[in-house]
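The values are calculated or read from the model by the stated rules, or taken from the named source; none is laboratory data. Fair warning: this is a prediction, and the values are worked out from it, not measured in the lab. Neighbour counts are summed over all protein chains in view; Cβ atoms, including those assigned to glycine, are modelled from backbone coordinates with ideal geometry.
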Amino acid sequence: MTISVQRVHKQSENQEFLAVLQANLPSQPHARRFKWLYRDNPDGPAWSWFALQGSSRQVIGVTSVFPRSMWVGGEVQMCGQVGDFAVSSSHRTLGPAVLLQRATFDPVNSGDLAFCYDCPPHPAGMSTFRRLGIKPNCRVLRYALPLRVDSHLRKRLGAVSVVPAAAGNLFLRVQRIFALKARATDLEVSNHQDSFSEEFSRLDAVVKRPNAIRGRRSAAHLNWRYREDPLQQYEVLTARRRGELIAFAILRKTDEVVTIVDLFGMDLHVAALSLLAAIVERFQRSHQTVEAFLSEGNELVAYFLKMRFQLRSEAAQVVAYARPQSAVSEFLQRSPLWSFSQAEVSA
Amino acid sequence: MKMNMAGNHVNLQIRKFILNKFPLARKQQIKDSDNLLESGVLDSLGVLDLVSFVEQEFFVHVTDDELVPENFESIDRIAAFIETKSSTSRQT
């Protein structure tokens with residue numbers, strides 16, 4: 001039996017594509033986000049591939065590359081993020097996965113993308129790259145700050161947890177007092193409920209680092225990603241100095257956990273701390289934990305640690321592919337700073 | 001007869017490797033004909049380890065196209081694949 005890989009071109013193929021995705025990655029309602037994620041992305045439509053089995057041409061796997069405009073060494077380049085990688089359980093012998101992974105390199109080899117990257121969240125996701133001899137570029141780590149202990153103690157102790165929980169919550173608040181004082185007094189932090197306007201694009205263009213790689217945060221991208229997402233709702237906090245946008249944070253909430261999806265801006269030595277302090281104060285009565293996902297070397301790590309966030313676990317690895325001998329490939333080999341957060345890791 | 005003995009030896013070596021490497025294989029007390037993929041004994045990372053073992057131990061080169069269930073879904077299939085690869089390389 002041979003396995004072949006074929007681009008998904010026709011609209012009539014979408015249902016088959018979605019069926020494989022839904023059967024093998026059942027945690028997401030793929031049909032509900034398909035148009036938004038695959039077609040409406042302001043950076044362009046996704047490239048998608050089928051892995052097909054032999055002469056029956058049964059679909060046994062799928063994957064996609066989502067175009068993503070990024071800052072690469074001080075210049076905007078069109079890159080791509082690999083996502084929705086699924087192979088049916090009876091075919092997880094690596095061969096179909098390797099062929100699909102190679103297919104994701106096609107838009108890079110053709111010059112449509114400067115590089116593509118994947119963020120496998122677990123060791124099994126690295127197996128194709130190990131087979132292809134490609135090493136990870138950096139790790140993304142999960143940092144967490146416990147706000148309350150009620151839920152944790154209730155699960156362990158039941159009804160008798162009330163007094164210990166009150167003591168625990170008080171202890172956590174006292175621990176944070178000094179960290180919360182670190183905020184800048186000349187910054188005003190507030191909720192941003194409107195669309196993202198061009199001031200966000202200007203901020204994105206101002207924050208440049210010649211040796212860094214990060215996602216571009218244009219108004220068009222932010223509106224698509226955080227205002228038009230059909231599955232998730234996000235809260236946005238801005239930090240302003242005399243009305244000028246200095247930084248912002250994007251938050252996603254569940255019943256117990258607040259995830260800082262993105263924190264971005266200038267003057268981060270004051271703005272990041274002010275935003276983090278505002279987040280902690282705002283959610284310390286209603287939520288158990290604040291978490292964030294940051295790449296190794298991300299300058300934000302220092303501010304999260306100062307706010308008493310703790311390193312908890314490895315969340316993903318970033319593996320990039322650039323066309324061999326290209327300028328981008330050489331740039332990637334010079335160990336640039338991967339300034340990634342959840343904003344770059346979520347497909 | 002000679003071929004069968006060689007085949008059995010290959011089966012034994014693969015079996016030993018799988019039992020050593022994958023705790024689920026020990027727990028499930030797998031037989032040589034059992035489907036290692038459907039039972040969850042092998043995932044893609046497991047296949048990667050198995051391929052490295054096969055290449056080193058039996059001096060065969062496994063191409064990406066050969067990493068398919070027909071060749072790796074059971075100990076019997078893996079052994080048959082190694083036999084085929086070995087006889088092909090002996091002939092060339």
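Residues checked against (1) at pLDDT 95 or above; (2) not assigned by TED's automatic domain parsing to the domain that holds residue A:43:
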site	(1), (2)
A:89	no, no
A:107	yes, no
A:111	yes, no
A:115	yes, no
A:121	no, no
A:128	no, no
A:153	no, yes
A:156	no, yes
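Residues in the range A:98-143 that are within 13 Å of chain B (Cβ to nearest Cβ), in contact (Cβ under 8 Å) with a residue 12 or more places away in the chain and either over 26 Å from residue A:215 (Cβ atoms) or hydroxyl-bearing (Ser, Thr, Tyr) (or both): A:98, A:99, A:127, A:128, A:131. On the stretch given as the range A:24-77, residues that are loosely packed, with under 15 Cβ neighbours inside 10 Å and either closer than 17 Å to residue A:320 by Cα or polar (S, T, N, Q) (or both) total 6. Filtering the range A:18-34 to residues that are closer than 27 Å to residue A:222 by Cα and touching a residue at least 12 places away in the same chain (Cβ under 8 Å) leaves A:18, A:21, A:25, A:28, A:29, A:30, A:31, A:32, A:33, A:34.
Scanning the range B:74-92 for residues that are modelled with pLDDT under 90 and crowded, with 16+ Cβ neighbours inside 10 Å yields a single hit, B:85.
Across the range A:210-242, the qualifying residues are those that are among the small types (Gly, Ala, Ser) and in a strand (DSSP E or B), and the one among them that is nearest to residue A:329 (Cα to Cα) is A:212. Restricted to the range B:22-92, the set of helices (runs of 4 or more DSSP H) holding at least 1 residues that are away from chain A (no Cβ under 12 Å) and touching a helix residue (DSSP H, G or I) at 6+ places or on another chain (Cβ under 8 Å) comprises B:23-28, B:44-58, B:75-91. Where helices (runs of 4 or more DSSP H) sit wholly within the range A:282-347, those with at least 2 residues that are over 21 Å from residue A:119 (Cβ atoms) occupy A:300-306, A:327-333. Restricting attention to the range A:102-158, the residues that are part of a helix (DSSP H, G or I), of a type in the set (A, V, I, L, M, F, W, C) and in contact with a Gly (Cβ under 8 Å, 6 or more places away or on another chain) total 2. You will find that of A:128, A:104, the residue that is of a type outside the set (A, V, I, L, M) and under 21 Å from residue B:50 (Cα atoms) is A:128 and no other.
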